[in-house]
Amino acid sequence: MNISIALLRGINVGGNNIIKMETLRKVLTDAGLEEVNTYIQSGNIVFRHKKSLKDTDCAALIAAVIKEHFGLSIPVIVRSVAEWEQILHSNPFATGGRTDAENWHYMMLSQEPAADLIPAIDKALYEPDLFEQVGNNVFLHIQKFGNTKLSNTLFDKKWKVISTVRNHKTMLAIAALADKLK
């Protein structure tokens, strides 16, 4: 069995796309995932699954179950536990000596953006907020998250991807939840 982490985008925010985590855990278990755990109400799921299922298969399964049971079309991004640990350990802001973890955010992308699209977001235009793209992840250093222009919408539109963001505290909590399944 593999352990993976699924991130749902845009649920239980501002009274929209309401999904109760207890019900979500049940319907995902009924769909064949095992030891389904959730962290807070914003769509963070840690689960076991058959090794034959790739992360893209898991994302498609979860999206289909949500559509069927809740009537919602929710983007789902899945990462393996190994990828999750790599993301946490390769944060360029942490390895660069910054100690202000409350400003670190992690954006997971549905796919790596095409190389010719990356220059469409000019880093200099968003300072003092910073970002570094590595593969299918973007590391963010945001002064005040509610005021930043480095939003999902920006990256989705310019890079033609689907993205979802988690703060450093949530990333660590999800990692701890995954460690319990090891």
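The values are calculated or read from the model by the stated rules, or taken from the named source; none is laboratory data. From a predicted model like this one, the values you see are computed outputs, not experimental measurements. So basically every Cβ, Gly included, is an ideal-geometry build from the backbone, and we count neighbours across all protein chains shown. Just the protein is used for accessible areas: all its heavy atoms, side chains included, with ligands, DNA and RNA removed. Shrake-Rupley method; radii C 1.70, N 1.55, O 1.52, S 1.80 Å.
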Inset, instruction - Springs between alpha-carbon atoms under 10 Å, Gaussian network over the chain: tell me which of ALA101, ALA63, ALA115 tops the mean-square fluctuations. - result: ALA115
Inset, instruction - Give the accessible area for HIS168 in Å² (nearest 10); use a 1.4 Å probe, count only protein heavy atoms, and leave out ligands, DNA and RNA. - result: 30
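With respect to the cross-link table entries LYS26/LYS50; LYS123/LYS149; LYS26/LYS160; LYS26/LYS67; LYS123/LYS160, which display a Cα-Cα separation exceeding 22 Å?
Details: LYS26/LYS50 18 Å; LYS123/LYS149 11 Å; LYS26/LYS160 33 Å; LYS26/LYS67 15 Å; LYS123/LYS160 17 Å.
In this structure, LYS26/LYS160 exceed 22 Å between Cα atoms.
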Legend entry - Carbon plus sulfur fraction of accessible area for segment 1-100, probe 1.4 Å, in percent: 50
Inset, instruction - Please identify, among GLY97, GLY32, GLY71, the residue showing maximal mean-square fluctuation in a Gaussian network model of the chain using a 10 angstrom Cα cutoff. - result: GLY97
Legend entry - Å² per residue, accessible surface of segment 1-135 at 1.4 Å: 52
Inset, instruction - Taking H placed 1.01 Å from N in the peptide plane, check which residues at least 5 places from LEU72 or on another chain put their amide H under 5 Å from its amide H. - result: LYS67
Inset, instruction - Taking the Cα centre of the chain as origin, sum charge times position over the Cβ atoms of Lys and Arg (+1) and Asp and Glu (-1), and report the length of that vector in debye to the nearest 20. - result: 320
Inset, instruction - Would you work out what percent of the accessible area of segment 103-161, with all protein chains in place, is carbon or sulfur (probe 1.4 Å)? - result: 52
Inset, instruction - Report the convex hull volume per residue for segment 83-182, counting only C-alpha atoms, in Å³. - result: 103
